[in-house]
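First comes the structure, then the notes that go with it.
The values are calculated or read from the model by the stated rules, or taken from the named source; none is laboratory data. The shown structure was predicted, so the numbers you read here are calculated from the model rather than taken from an experiment. Ideal geometry is used to build each Cβ from the backbone, glycine not excepted, and the neighbour counts take in all protein chains shown. Heavy atoms of the whole protein, side chains included, go into the accessibility calculation; ligands, DNA and RNA do not. Shrake-Rupley method; radii C 1.70, N 1.55, O 1.52, S 1.80 Å.
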Amino acid sequence: MTQQFDRFKDAPWFPQRDELVMIGGAGGIGSWLAFFLTRAGFKPTIFDFDVIEEHNVGGQLFRNSDVGMPKVSALYNIIKEFCGSEINTFNQRIDENSPTHYFMFSAFDNMQARKDLFEVWKKSIPNCPVTPIFIDGRLTMEQLQIFCVTPDKIEEYEQNHLFDDSEVEDAPCTMKQTSHSAAMIASHMVGSFTNHITNIYEREIIRDVPFYYEFFIPVTLTETA
């Protein structure tokens, strides 16, 4: 264990082993998410097939020098430099043949990719040694939503919160995302996960993990369910 964890290694959620997690998407949410999870001591595997464009630098954890690189390649380099750790990366889409894991984060910006990732996650449930969780983050420029799906919430999530991309109202290109809102939702997603891990390690529910959480930055309004 390196000294970088000395300030929080006694936290009830601190990984007791190599705690693997899987992330779909390396953009606004996923890039910050992979960074924060690694800094907390977890071991991310991240999937994305996009290449960094200049406009991505404004809201994602990338440098101007990364423009033109695959997102997962740049993210690997950034995390190795700033965290001293290596993450597993796959420069490819999620499909039915993708590996699964019982701790999974959705950081995609479209519903179809989110649906595909959810189907992959469900394959992990039958052989899961602990309570699995699928944490889905959804972000506009100043509004964030997080869904924490455990097996008992699958039906509600699928019926009420998974829909077609055609049903999603798209925001103007100039009101898509900022770094602070992307980092904010990523940190809240990590917080939900560390609460979940705490409950697993303690073998009882001592921290709340709401199924639904929403936050509006302009009016600092929160809603949970």
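Structure summary
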| quantity | calculated |
| --- | --- |
| Relative contact order, percent, the range 82-172 [alpha-carbon distance under 8 Å, six or more residues apart] | 25 percent |
| Global geometry of the range 13-106, whether rounded, prolate or oblate, following the gyration tensor of its Cα atoms and the 1.5 cut on a/c | oblate |
| Inter-centroid distance (Cα atoms) of the range 68-99 relative to the range 41-58, Å | 7 Å |
| Residue list for the range 136-163, given a label point 7 angstrom along the Cα-to-Cβ vector of Glu119 and an amide N cut-off under 15 Å | 158, 162-163 |
| Tail fraction, Cα-Cα pairs, the chain, threshold 25 Å, whole percent | 37 percent |
| Inter-label distance for Asp10 and Ser187, nm, one decimal - labels placed 7 Å from Cα along Cα-to-Cβ | 2.4 nm |
| Size of electric dipole in the range 34-89: Cβ of Lys, Arg +1 and of Asp, Glu -1, about Cα centre, debye, nearest 20 | 280 debye |
| Rounded FRET efficiency, nearest 0.05, which uses the C-beta distance separating Gln145 from Glu204 and R0 of 25 Å | 0.35 |
| Kyte-Doolittle mean at least -0.5, axial Cα span of 15 Å or more - DSSP H helices of the chain | 28-39, 71-83, 179-202 |
| Heavy-atom SASA rank of Arg7, Arg114, Arg203, Arg93 (probe 1.4 Å, accessible area, largest first) | Arg7, Arg203, Arg93, Arg114 |
| Tensor-based shape of the range 61-139 (alpha-carbon gyration tensor, a/c under 1.5 rounded, otherwise prolate or oblate) | prolate |
| Nearest-20 debye value, the chain charge dipole, Cβ charges on Lys, Arg, Asp, Glu | 840 debye |
| Charge-dipole axis of the chain as Lys and Arg at +1 and Asp and Glu at -1 on Cβ define it, positive-most pick from Phe42, Gly30, Phe108 | Phe42 |
| Expected 222 nm ellipticity per residue - DSSP helices of 4 or more, -39500 (n - 2.57), all of the chain, to 500 | -10000 deg cm²/dmol |
| Gained length - Asn127 relative to Gln92, 0.36 nm times residue gap less alpha-carbon distance | 10.1 nm |
| For the chain, built as a Gaussian network whose Cα springs stay under 10 Å, the top-fluctuating residue of Gly59, Gly41, Gly68 | Gly68 |
